[in-house]
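The values are calculated or read from the model by the stated rules, or taken from the named source; none is laboratory data. Since the model is a prediction, treat every value here as computed from it, not as a measurement. Please note: Cβ atoms are built from the backbone with ideal geometry, for glycine as well, and neighbour counts cover all protein chains shown. Heavy atoms of the whole protein, side chains included, go into the accessibility calculation; ligands, DNA and RNA do not. Shrake-Rupley method; radii C 1.70, N 1.55, O 1.52, S 1.80 Å.
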Amino acid sequence: MAVHTQSFVDELASIVGAAQVLTDRDVVAGYVTDWTGHWTGHTVAVVRPADTAEVSAVLAACHRAGVAVVPQGGNTGLVGGSIPMHGEVVLSTARLTGIEQVDPVGRTLAAGAGVTVARAQQAAREHGLDLGVDLASRDSATLGGIVSTNAGGIRVIKNGNTRSQLLGIEAVLSDGRVLTRWKELTKDNVGYDLPGLLAGSEGTLAVVTRVLMRLIVPPSETQVALVGAESVRAALRLVDGLQRAGLTLEAAELMTRAGVALVRGHRDLRAPLDVDAPFYLLVEVSGGDEAQAALFSVLEDAGTAVRGAAVEAGPAHRLWQYRESHTEAVSAESSTPPVKLDISTPLREIEPFLTALRDDLAAAFPAVRAICFGHLGDGNVHVNLLDVAVGQREAITDLVLRRVARHEGSISAEHGVGRAKAAWVGLGRTEVDLEVMRSIRAALDPATMLNPHVLPAR
Ligand code: 2HG
Ligand code: ZN
């Protein structure tokens, strides 16, 4: 770092107060290692501003000093996108926790970027509404984080991803200027969609400080089925059948025999069904008794493609736990930090992709265990690779992502590019596309002060 560290830290302290500039090694430990345990960096300081004005002053100070900044929300990301690998300042949004307004008429929620998804959901539910986004890390993941990564989660099939829930945004540019696009309007077509651009920009264009989110009307009742399926094709046919029967899907999740066995071992759970199956589909549909009857009838029509099913009225935590415990079970049961590759393919390619991947891995990495699960309705598979030796991470990532590209897929479906996939963005975008992205980045952050090592570097 070019500046004198102590005077720079003192300057940050003069903005946010000394107690909010963390430099002690033990205190910053939780900010410099990611959730998977693979990415560990170091930082000159973790700064925790209390409001937008302080974020602006902190960024301006870092800009003047030429010190790069990594924004961080709940640190639940899975691609190393909020870890300071090169000594950057960590700008934590942990104190931007105000819920400013829930408007039950316009169905919007205005809140600080550091509000957790669970708190935002709770605030919305007090008005009979809900956030359109839900994900297993809801208790720690923040609104700023899900916007910055354009997070997906289990409700995308019904509500779309985070970008489509975002109505307005306040964000601070790298030089400290505050960008505000904040209109509680469904229709507002004046120029470029800047909130949409900042969504998914992974902290490279601006630091999100406040968000205006759409709220949804949640279903008053739901039915959940955990189905043992003969094949991925059979599971997809079932999803299609449910939609054609007029049912509204709230979720459609895929698991495998190996994944369910791993979760069962980790959580000491009994088998979800009294029959075994190579694949499991977890579906949630809205509605009461009538929906349940329609669900049963689609299951019956499926014949032998369905090996068995358990159906319960929502929220059916007992059935959901098999799906929601996957991430935790993978981390606990792998002998090395798991390699987590979040990919998508067209629906018709999921089965060929999974079959080819199994063969590729068996040939090249026979000792690695692969657990694939994810959001079937969105064509989104989470490829989790256990017991990968540190020296093999890059080669196995390359193998999987090249396989994805051969199936017309995306190397990042919902977790983002971060550091983990920065070297492979060329597999997902053309050269001109990458040039345009670099130009946008250079326009907003000419000196590359914000999260310089994620997404395509300049
Ligand atoms: C999920 O769908 C999350 O549960 C995490 O996106 C996926 O652990 C993973 O790979
Ligand atoms: Zn997911």
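Numbers for the structure displayed
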read-out: Rel. contact order, % - alpha carbon contacts under 8 angstrom, at least six apart, the chain; value: 15
read-out: Region 1-118: antiparallel DSSP beta bridges as a percent of all, rounded to 5; value: 50
read-out: Length released on extending from His266 to Asp26, taking residue separation times 0.36 nm less the Cα-Cα span; value: 83.4 nm
read-out: Region 17-32 and region 49-91: distance between their alpha carbon centers, rounded to Å; value: 13
read-out: Backbone HN-Hα couplings from phi across region 182-193 [Karplus 6.51/-1.76/1.60, Hz, Gly and Pro as x]; value: 9, 10, 7, 10, 6, 10, 7, 10, 8, x, 4, 8
read-out: Phi to ³J(HN,Hα) by Karplus 6.51 cos²θ - 1.76 cosθ + 1.60 over region 349-364, Hz, x for Gly, Pro; value: 8, 4, 5, x, 4, 5, 5, 5, 4, 4, 5, 4, 5, 4, 6, 9
read-out: Positive-end extreme of charge dipole, the chain - chosen from Val400, Ala442, Val70 (charges on Cβ); value: Ala442
read-out: Asp274, Asp301, ranked by accessible area, largest first (probe 1.4 Å); value: Asp274, Asp301
read-out: Full-extension gain in nm, Gln101 to Arg244, via 0.36 nm per residue minus C-alpha separation; value: 47.6 nm
read-out: Simple Cβ-charge dipole of the chain, Lys/Arg +1 and Asp/Glu -1, about Cα centre, in debye nearest 20; value: 540
read-out: Accessible area (Å², per residue) of the chain, counting only protein heavy atoms and a probe of 1.4 Å; value: 42
read-out: Span from the region 120-164 Cα centroid across to the region 271-317 one, whole angstrom; value: 25
read-out: Distance (nanometres) between label positions extended 7 Å along Cα→Cβ at Arg125 and His86; value: 4.3
read-out: Electrostatic dipole magnitude of region 338-458 [Cβ: Lys, Arg +1; Asp, Glu -1; Cα centre; debye, to 20]; value: 240
read-out: Burial ranking of peptide ranges 398-407, 264-273 (average Cβ count within 10 Å, highest at the top); value: 398-407, 264-273
read-out: Furthest towards positive pole of dipole, Val232, Ala251, Gly265, structure part region 186-267, Cβ charges; value: Gly265
read-out: Debye, to nearest 20: dipole size of region 306-353, +1 on Lys, Arg Cβ, -1 on Asp, Glu Cβ; value: 120
read-out: Sulfur and carbon atoms: percent of accessible area, the chain [1.4 Å]; value: 50
read-out: Residue (of Thr93, Ser297, Val55) at the positive-pole extreme of the chain, dipole from beta-carbon charges; value: Val55
read-out: Cα gyration tensor category, rounded, prolate or oblate, for the chain with a/c compared to 1.5; value: prolate
